[in-house]
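Notes for the one structure printed next.
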Amino acid sequence: MLKLKEISLVVAALTVTACTTPLERRQADGGFDYINAPETKPLKIPEGLNTPKYSQEYTIPPLNAKVNPALVGDALDIRPPLQILPMADGTHVEEGSDNVKVVVETIDNSVDLKKEMFTVVEGFLKSKDYGIAKEDYATGVIDTDWIEHEDVIDSSWFGADKVYKVRQRYQFVLEVRPHGRTGNLIINVLDHQQSYNGEDSQTILSSEDKKRYSIDMLNSAIGFMAKERARIVQNMKVQQSKGIDMSYVAAPSEKEEGYWLADAPLKRTWDRLALVLPDVGFEIVDMDSAKGLYYVKFNDTSGFWSSLFSDDAIKLKDKANYRLLVAQDKSDANKTEIRIRDNEDQPLSEDKVQSVYKAVSDIMSEDRKVH
């Protein structure tokens, strides 16, 4: 059995170890009597004596117009500011005077950015068991239901726990620009209620308090987006690693040119060529994606290619410059036409075009490893 002295020590320990309240956590330790300290007047120097030189080391600079002079003593929040962490691929922060927003850029042109952002926010709220009170896809607004958090401030063996409870509602605003490549994610605090030990606290949040709560929720949402976007990026890598079948379209007449037809959309074919061309012996000197142009230099690797294709070596001049024109097929958006020309943008002979096609098509059709 515990002795009386031991029981007293246990009771004392339980009394002393009560946690600090949320209000106390934002205040500096110690008292605040200093705010009532009288202002020290300058030393009066009798007439005829020289004024001594004073050190400026501890001079307090004057407050600027944006500083609230009432934030002193227990009203001053000493907690460090929260920082937005744009952890997801394709995100960065833009901070204005009134709000903080995360700019979201598209990472997959085949996915509608607004739909992706809505799906992410809905998935985030569902993962946290946060209810949705209102949702409007057209305006890009999602309002949450009440979100409750409880924090046990004082736990006792001899009575009920003292609990600090916060109830809040948030608004998620999703703005996507008309071109559909970038959007903004903004979070605002709609309502805030708090109570301690069952008694409601009529607290009016300052702009800094609202900003702090918004940033905390924003970081959680972006953390969820980071996982979702990592999955999208991995799927894109798997898709891009798959080979693209190609066929050769012979020139219908001597005045026209033959070309290669890739069984893939323009963007995927363009990206795939950037990987394949160096493997075939083409050095990419420059490129213009808007015009669908690759400027390349051919480095003769006939010794290597002859081992693969026997007599089917690439019939191009060593160290010569060429152009690859990449364009969407006129009749099928899921196919891409590729033409090779000389540095003066003149068509090559049929046998030269076919020799390059044989080399490129084999590697284009191969699946690549995903790292």
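Odds and ends about this structure:
- Of the listed residues 218, 49, 261, the order by accessible area with a 1.4 Å probe, largest first, is 49, 261, 218.
- Under 5 Å, built H, 5+ apart or other chain: amide partners of residue 176: 184
- Rounded to whole numbers, the Karplus 3J(HN,Hα) couplings from phi for the range 251-257 are 5, x, 8, 5, 7, 10, 10 Hz, using 6.51 cos²θ - 1.76 cosθ + 1.60 with θ = phi - 60°, and x at Gly and Pro.
- Rounded to the nearest 10 Å², the accessible area of residue 287 at probe 1.4 Å: 90
- Taking Cα centre as origin and charging only the Cβ of basic (Lys, Arg, +1) and acidic (Asp, Glu, -1) residues, the dipole magnitude of the range 316-359 rounds to 120 debye.
- When the residues 344, 337, 47, 175 are ordered by accessible surface, computed with a 1.4 Å probe over the protein chains alone, the sequence from largest down reads 47, 344, 175, 337.
- Heavy-atom surface of the range 227-371, accessible at 1.4 Å and reported per residue (Å²): 57
- Residue 179 contributes about 90 Å² of solvent-accessible surface, heavy atoms of the protein only, 1.4 Å probe.
- Virtual spin-label span in nm between residue 85 and residue 344, 7 Å along Cα→Cβ: 6.1
- Remark: accessible surface ordering of 270, 260 (largest first) is 270, 260, probe radius 1.4 Å.
- If you wrap the Cα atoms of the range 34-96 in a convex hull and average its projected area over all directions, you get 8.7 nm².
- Computed FRET value (nearest 0.05) for residue 179 with residue 290, which takes r as the C-beta separation and R₀ as 22 Å: 0.90
- Convex hull volume of the C-alpha atoms in the range 242-362, normalised per residue: 105 Å³.
- Separation of alpha-carbon centers, the range 114-154 and the range 223-285, rounded to whole Å: 39
- Mean projection of the Cα convex hull over all viewing directions, computed for the range 211-274: 7.2 nm².
The values are calculated or read from the model by the stated rules, or taken from the named source; none is laboratory data. Quantities reported herein were computed from a predicted structural model and do not represent experimental measurements. Cβ atoms come from the backbone with ideal geometry, glycine included; neighbour counts cover every protein chain shown. These area figures cover heavy atoms from the full protein model, side chains too; ligands, DNA and RNA do not enter into them. Shrake-Rupley method; radii C 1.70, N 1.55, O 1.52, S 1.80 Å.
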